[in-house]
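S.K.: Here it is, the structure in full.
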Amino acid sequence: MDKNLEEYKKYVSARLAALTPIFAKASIGDFSEKLEVPDGEDEFVQLYAGVGIMLEVMRQQLTRLNDLNNSLSGKVEELQFIQDQVEQEKNLDEAIIESIGDGVIVTDKDLQITMINYQAQLLLGIPEKEASLKPLYSILRAVDDKSQPILDEKRATTIAMNEKKKHSINYFYLKQDNTPLPVSVTASPVLLGGKVAGVIVVFKDRTKDRVIEELKNEFISLAAHQLRSPLSTMRWNIELFQKQNEKLSPDSQDKIASVYKNVQKMITLVNDMLSVSRIDQGRDLHTIEEVDIVGIVNDILSENKVVADAKMVEVIFTPPNNNFPKIKADKKKLRDVIQNLVNNSVKFNTPLGKMEILLSAESDKVKLEISDTGIGIPAQDAGRLFEKFYRASNAVLGQTPGTGLGLFLVRTYVGAWGGKVWFESPANARFRAKVGKFDNPGSSFYLEFKAIKGGDL
Amino acid sequence: MKKILFIEDDTEMQKIYMQAFSAEGFEAIPAYTVDSGLQLANEKKPDLIILDIMLPGGKNGFDALESLVKDEALKKIPVLVLTNLDSEKKTALEIGAKDYLVKANTSIDQVVAKAKALLG
């Protein structure tokens, strides 16, 4: 029996010896060794077959794992590449933002500062660590030229967020040491899927611009004043000449009248230039008083009668009744405002055209409407008509003279008295129905003021 | 004949004043500086002084105006400031000018009419 057992042990060892190198390799992860299944039908053949299948499965799994591993490391490389690119772009953006000459501040949707560039820190005198994550308006304190705080709803950032578009404005920021810094500010909303995700505020130091602006204004003011002397000499000499030479030939009369008209035009231009430079310098003082607008309209219409008659423009004005309300304005400037509108209505009208002035009072408001059968205002010019030096395209084409300052002055003055000015072109339906068919679109300008109630001044 | 003294450095303007005012029956007296103007005011005792502001010789129209209102013999003479500066009206009226006109914005007829009104 012992001998038999001994024999069997030897037999088993011999049969298993073939497996030893396979297991040794497998133990270090190498399943590549192929297993020869021996002939026969004993239990070892089954074991060999089982181990063979196991090895095959392991090999397949390993291949799959390898493939997966390869594709993953490809993805990782790809991600790394994208990350590097993003990093590079970010560095580039940061370098641009940092090296830019303008102050740049970025906020989240709650107006909390998420980034402030070097220039902004320098201009405001605030280090990054003190500004970071603070509410924007606690760092950017905006004031007007009289050091009065700008209301939140009037600030570029608020307007840009509410209107979801870029907004630019000029005012002052208070530096950390409370000295004012003149700035021009542009706020742009960051929109994600139509929603405001934050705001980018870019601001520029206007100190130098203001010095240049001041020099320019001084120059204009000086030049305009200097021009007035020769112009008044010319004006008066022509007036004396016309008086002393009543028997001039019609041709000579025409020529001298033309010279006189052009001298007057130059005087008007010089006056407009002076008004604008006064506004720009903040020296434009208004003497607010109780003004009778009906009287002013009457005066202006009689002064313009000659010009309107010459162009054969019919002026329609029915003065309102006697107790028409008065308004608060600067009398001389109100004259300029109405004169400007009347003059435009005649100047841009067509021969045999019509213009109408209408004064109306409703509740606490006084409204003046000037409608005409003139060339009208093209839609493309409507938004900029009241800007300084802006002239409508058809006014330039028609070579109608003008300085581009008239309506700028109108808006500035009327705004200073708390009034409103606006227009429509073509002229309003009521006027068009009244005057009948005209080829021109015409226009209607409106002025609106607060009426003075009894004893209110 | 009423006398009007013109303190004005521009000879072209002086010529115009002389013509326009003599045609209306006034005696027009020209002065080209503040000093000569004050001297002529003392000598001729004009009924009206028409005064420019920007004048040569270190003294301007305001200096002339101040000297005139301080002078017992001259302070009753009305002064009409006629200039091309339009921002000085308040100052001129405060010192004692009777009225203030901007040359370029006034016709010569209006200047004569204003002078007549001030002469009463």
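The values are calculated or read from the model by the stated rules, or taken from the named source; none is laboratory data. Remember, it's a predicted structure, so these values are computed and weren't measured experimentally. Heads up, the Cβs are rebuilt from the backbone with ideal geometry, glycines too, and the neighbour counts pull from every protein chain shown.
S.K.: Would you confirm whether any residue within the range A:59-68 is surrounded by 11 or more Cβ atoms within 10 Å (Cβ to Cβ) and touching a helix residue (DSSP H, G or I) at 6+ places or on another chain (Cβ under 8 Å)?
M.R.: no
Here is a yes/no grid of residues against (1) touching a Gly at 6+ places or on another chain (Cβ under 9 Å); (2) of a type in the set (D, E, K, R); (3) closer than 24 Å to A:Ala197 by Cα; (4) touching a residue at least 12 places away in the same chain (Cβ under 8 Å):
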position: A:Asp102; (1), (2), (3), (4): no, yes, yes, yes
position: A:Val106; (1), (2), (3), (4): yes, no, yes, yes
position: A:Ala142; (1), (2), (3), (4): no, no, yes, yes
position: A:Asp152; (1), (2), (3), (4): no, yes, yes, yes
position: A:Ala156; (1), (2), (3), (4): no, no, yes, yes
position: A:Lys164; (1), (2), (3), (4): yes, yes, yes, yes
position: A:Gln176; (1), (2), (3), (4): yes, no, no, yes
position: A:Pro182; (1), (2), (3), (4): no, no, no, yes
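S.K.: Checking the conditions here, which among A:Glu218, A:Glu163, A:Glu213 is at negative phi and within 14 Å of chain B (Cβ to nearest Cβ)?
M.R.: On the way: A:Glu163 fails: within 14 Å of chain B (Cβ to nearest Cβ); A:Glu213 fails: within 14 Å of chain B (Cβ to nearest Cβ).
Being at negative phi and within 14 Å of chain B (Cβ to nearest Cβ) holds for just one of A:Glu218, A:Glu163, A:Glu213, which is A:Glu218.
S.K.: Kindly provide the set of residues from the range A:141-180 that are surrounded by fewer than 18 Cβ atoms within 10 Å (Cβ to Cβ), among the small types (Gly, Ala, Ser) and under 20 Å from A:Lys204 (Cβ atoms), ordered by number.
M.R.: Within the range A:141-180, just A:Ser168 meets the criteria.
S.K.: How about the range B:39-120: which helices (runs of 4 or more DSSP H) wholly inside it have at least 2 residues that are within 14 Å of another protein chain (Cβ to nearest Cβ)? Don't jump to the end; show me each part of the working.
M.R.: Details: elements: B:61-70, B:89-95, B:108-119.
Result: B:89-95, B:108-119.
S.K.: Determine which single condition A:Ile212 fails, assuming it passes every other condition in (1) farther than 22 Å from A:Ile116 by Cα; (2) under 21 Å from the mean Cα position of the chain (by Cα).
M.R.: Going through the list (1) farther than 22 Å from A:Ile116 by Cα; (2) under 21 Å from the mean Cα position of the chain (by Cα), A:Ile212 breaks only (2).
S.K.: Among (1) closer than 22 Å to A:Pro401 by Cβ; (2) touching a helix residue (DSSP H, G or I) at 6+ places or on another chain (Cβ under 6 Å); (3) surrounded by fewer than 17 Cβ atoms within 10 Å (Cβ to Cβ), where does A:Ile300 come up short?
M.R.: So A:Ile300 meets the others, but not (3).
S.K.: If you take the residues of the range A:235-257 that are within 9 Å of chain B (Cβ to nearest Cβ) and at pLDDT 90 or above, which of them is surrounded by the fewest Cβ atoms within 10 Å (Cβ to Cβ)?
M.R.: This residue is A:Leu240.
S.K.: Would you confirm, using the coordinates I've provided, whether A:Thr373 is touching a residue at least 60 places away in the same chain (Cβ under 8 Å) and surrounded by fewer than 21 Cβ atoms within 10 Å (Cβ to Cβ)? Don't jump to the end; show me each part of the working.
M.R.: Working: touching a residue at least 60 places away in the same chain (Cβ under 8 Å): yes; surrounded by fewer than 21 Cβ atoms within 10 Å (Cβ to Cβ): no.
Spelling it out, it is not the case that A:Thr373 is touching a residue at least 60 places away in the same chain (Cβ under 8 Å) and surrounded by fewer than 21 Cβ atoms within 10 Å (Cβ to Cβ).
S.K.: Among the charged types (D, E, K, R) and in contact with a strand residue (DSSP E or B) (Cβ under 7 Å, 6 or more places away or on another chain) - does that describe any residue in the range B:28-45?
M.R.: Yes - at least one qualifying residue is present in the range B:28-45.
S.K.: Would you mind finding the one in B:Lys103, B:Lys89, B:Lys76 that is out of contact with any Phe, Trp or Tyr (no Cβ under 9 Å at 6 or more places or on another chain), more than 14 Å from B:Ile4 (Cβ to Cβ) and among the basic types (Lys, Arg)? Give the derivation first.
M.R.: Numbers: B:Lys103 fails: out of contact with any Phe, Trp or Tyr (no Cβ under 9 Å at 6 or more places or on another chain); B:Lys89 fails: out of contact with any Phe, Trp or Tyr (no Cβ under 9 Å at 6 or more places or on another chain).
Residue meeting the stated conditions: B:Lys76.
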